[in-house]
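**Student:** Shown below is the structure under consideration.
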Amino acid sequence: MKPESLMMSHGYKPELSQGAVKCPIFLTSTFVFESAEEGKDFFELAYGHRQSKPNEELGLIYSRINNPNLEILEDRLSLWDAAAGSAVFESGMSAISTVLLEFLKPGALLLYSAPVYGGTHHFIHHVLTKFGIDFIEFGVNETKQNIIDKIEASGKSKDLALIYIETPANPTNDLFSILDMVCLGNEYSEKNKQKVYVAVDNTYLGPLWQKPLSLGADIAVYSATKYLGGHSDLIAGAVMGTSEVIGRVKTLRTFLGNMISPHTAWMLLRSLETLQIRMERQQANAIEVAKFLSSHPKVEKVYFLGEGGSSSQQSQEIFKAQCLGPGAMISFDIQGNEQTAFKFLNNLKLFKLAVSLGSTESLAEHPATMTHVDIPPADKIKMNITEKLIRLSIGVEDPKDLISDISQALQ
């Protein structure tokens, strides 16, 4: 069966919960063992003191390690990306930071694409550097050879441990080639005789319109607050990947204690049931909005992956190779300056002036002074995050009403 069908039942056995058609919320900190021997077995397996026996699953121990809501959610999430496993977190940043901390160590080199989400940028520049981790940044217009030259010029090519890309990039919808980065990772893995992992922040298009693991990436990272949650009523994160990757990520999560709560997990289970129909409606709406913006005299440029967007030839080629749809995120340059952008934002009525994205309601924000305020001014200009840039997250409202609201605000 397809994921959209399995979201209603996969991983849940009603007979274990009094026949309840929906999974209950397991608000418990600890679980009772049937015997001391069983407790010993569970802990040996949980702490990696032995390999699991055929068909043996880790029993319930403590909600920091496992909980029925977490396990069912992780089973269902894995289906969308055809992942070997997944791990869920209490926020998108906790998912991102756990991946970065697990696959980088003091002296390691991180290669990452820019722009990235503002929180990711801050963590790389202001937290990882405290642990002696170096980084190299590359932009959308740099070729694979340019990137290799940067790595070699750094003198730390042997220390390359992780390639992290956010594609499409927040907030400009810049596309980076997952296939190129997987190829680059394989080349340096062979050259350095140690694995170079490739991680993709798939929040903007995933899990419907882009599937990094199928393209060879090792890790897919999500802010589950966004499309996976989709109702602006929870904060969560998720990581998908191979068995080896998820095993490592879950082990570190156990000791950082940043796992998702049972209640938030239950809310995400609810959201996954409508994920596909929400994302399809949002994308259809975004296509209509982008067409309108592209022909408006007060709009200079539209950053959208579908019709109406201003995509380069390179971007179009990457889109065909790795994307299954343009998604529902639109950014555009308004004619004028910060004052003009603010006037537009302040006059919106149906759109909500708020950060975040991927929810049922449409949102608008000003990246340069809000989500990406921490990026140095010169870097913002280089990344096209100017005072004219406005970011829209398109919801499930009537598209004509959305266009009418944008039109009156521009007027």
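**Student:** Can you name the residue in the range 271-309 that is among the small types (Gly, Ala, Ser) and either out of contact with any Ser or Thr (no Cβ under 7 Å at 6 or more places or on another chain) or in contact (Cβ under 8 Å) with a residue 40 or more places away in the chain (or both) and, of all such residues, is surrounded by the fewest Cβ atoms within 10 Å (Cβ to Cβ)?
**Tutor:** Applying the filter and picking the extreme gives Ser295.
**Student:** Continuing with the same structure: Of the residues that sit in the range 252-261 and are touching an Asp or Glu at 6+ places or on another chain (Cβ under 8 Å), of a type outside the set (Val, Ile, Thr) and not in a helix (DSSP H, G or I), which one is surrounded by the most Cβ atoms within 10 Å (Cβ to Cβ)? Please lay out each step first, then the result.
**Tutor:** Taking the range 252-261 and keeping what is touching an Asp or Glu at 6+ places or on another chain (Cβ under 8 Å), we get 252, 258-261.
With the extra rule that they be of a type outside the set (Val, Ile, Thr), the set shrinks to 252, 258-259, 261.
Subset that is not in a helix (DSSP H, G or I): 258-259, 261.
Details: Asn258: 18, Met259: 23, Ser261: 18.
Looking at the filtered set, the residue picked out is Met259.
Results for (1) in the same structural domain as Ser214 (by TED's automatic domain parsing); (2) of a type outside the set (A, V, I, L, M, F, W, C), shown as yes or no for each residue.
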residue	(1), (2)
Lys13	yes, yes
Gly19	yes, yes
Ser35	no, yes
Gly39	no, yes
Leu45	no, no
Glu57	no, yes
Leu70	yes, no
Glu90	yes, yes
Ala95	yes, no
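**Student:** Hey, among the residues in the range 144-155 that are touching a helix residue (DSSP H, G or I) at 6+ places or on another chain (Cβ under 9 Å) and under 24 Å from Asn384 (Cβ atoms), which one's modelled with the highest pLDDT?
**Tutor:** Result: Ile147.
**Student:** Just one of Glu44, Glu102, Glu152 is among the acidic types (Asp, Glu) and under 20 Å from the mean Cα position of the chain (by Cα); which is it?
**Tutor:** On the way: Glu44 fails: under 20 Å from the mean Cα position of the chain (by Cα); Glu152 fails: under 20 Å from the mean Cα position of the chain (by Cα).
Selected residue: Glu102, the only one of Glu44, Glu102, Glu152 that is among the acidic types (Asp, Glu) and under 20 Å from the mean Cα position of the chain (by Cα).
**Student:** Take Met383 and decide whether it is touching a Pro at 6+ places or on another chain (Cβ under 6 Å) and either of a type in the set (A, V, I, L, M, F, W, C) or in the same structural domain as Val140 (by TED's automatic domain parsing) (or both). I'd like the intermediate steps shown before the answer.
**Tutor:** Numbers: touching a Pro at 6+ places or on another chain (Cβ under 6 Å): yes; either of a type in the set (A, V, I, L, M, F, W, C) or in the same structural domain as Val140 (by TED's automatic domain parsing) (or both): yes.
Criteria met by Met383.
**Student:** Consider the range 47-63. How many of its residues are in contact with a Ser or Thr (Cβ under 8 Å, 6 or more places away or on another chain) and closer than 17 Å to Glu34 by Cα? Before the answer, list the steps.
**Tutor:** In the first step, residues of the range 47-63 are kept if they are in contact with a Ser or Thr (Cβ under 8 Å, 6 or more places away or on another chain); the result is 48, 58, 61-63.
So of that shortlist, the ones also closer than 17 Å to Glu34 by Cα come out as 58, 61-62.
Residues that pass the stated criteria total 3.
**Student:** While we're looking at this one, here's another question. Quick check: anything in the range 192-208 farther than 13 Å from Trp80 by Cα and assigned to a helix (DSSP H, G or I)?
**Tutor:** Within the range 192-208, one or more residues are farther than 13 Å from Trp80 by Cα and assigned to a helix (DSSP H, G or I).
**Student:** Here's a follow-up. Which residue out of Val200, Val239, Val245 is surrounded by 23 or more Cβ atoms within 10 Å (Cβ to Cβ) and over 27 Å from Ser359 (Cα atoms)? If you could, list the steps in order and put the result at the bottom.
**Tutor:** On the way: Val200 fails: over 27 Å from Ser359 (Cα atoms); Val239 fails: over 27 Å from Ser359 (Cα atoms).
Testing whether each residue is surrounded by 23 or more Cβ atoms within 10 Å (Cβ to Cβ) and over 27 Å from Ser359 (Cα atoms) leaves just Val245.
**Student:** Output the residues belonging to the range 1-21 that are touching a residue at least 40 places away in the same chain (Cβ under 8 Å) and in a loop (DSSP other than H, G, I, E, B). So that I can check it myself, show each step before the final result.
**Tutor:** Filtering the range 1-21 down to residues touching a residue at least 40 places away in the same chain (Cβ under 8 Å) leaves 3-4, 6-8, 10-12.
Within the range 1-21, Met7, Met8, His10, Gly11, Tyr12 qualify.
**Student:** Just checking, how many residues over the range 134-166 are farther than 28 Å from Pro106 by Cβ and among the polar types (S, T, N, Q)?
**Tutor:** The total comes to 3.
**Student:** Cβ-Cβ distance below 7 Å, separation of 6 or more or different chains: which pairs start in the range 112-129 with a residue that is not assigned by TED's automatic domain parsing to the domain that holds Asn202 and end on one that is surrounded by fewer than 18 Cβ atoms within 10 Å (Cβ to Cβ) and polar (S, T, N, Q)?
**Tutor:** Nothing qualifies.
**Student:** Within the range 378-396, can one find any residue that is within 19 Å of the chain's Cα centre (by Cα) and at pLDDT below 95? Outline the logic, then answer.
**Tutor:** Let us first name the residues in the range 378-396 that are within 19 Å of the chain's Cα centre (by Cα), namely 391-395.
Then keep just the ones that are at pLDDT below 95; that gives none.
Checked the range 378-396: no residue is within 19 Å of the chain's Cα centre (by Cα) and at pLDDT below 95.
**Student:** Can you tell me which residue is surrounded by the fewest Cβ atoms within 10 Å (Cβ to Cβ) among those in the range 312-334 that are over 17 Å from the mean Cα position of the chain (by Cα) and within 19 Å of Lys388 (Cβ to Cβ)? Explain how you work it out, then say what you get.
**Tutor:** Taking the range 312-334 first, the residues over 17 Å from the mean Cα position of the chain (by Cα) are 312-321, 331-334.
Still in the list and also within 19 Å of Lys388 (Cβ to Cβ): 331-334.
Working: Ser331: 23, Phe332: 26, Asp333: 18, Ile334: 23.
Top of the filtered list is Asp333.
The values are calculated or read from the model by the stated rules, or taken from the named source; none is laboratory data. Remember, predicted model here, so these are calculated numbers, not experimental data. A quick note on method: Cβ atoms are made from the backbone with ideal geometry, for glycine too, and the neighbour counts reach across all protein chains shown.
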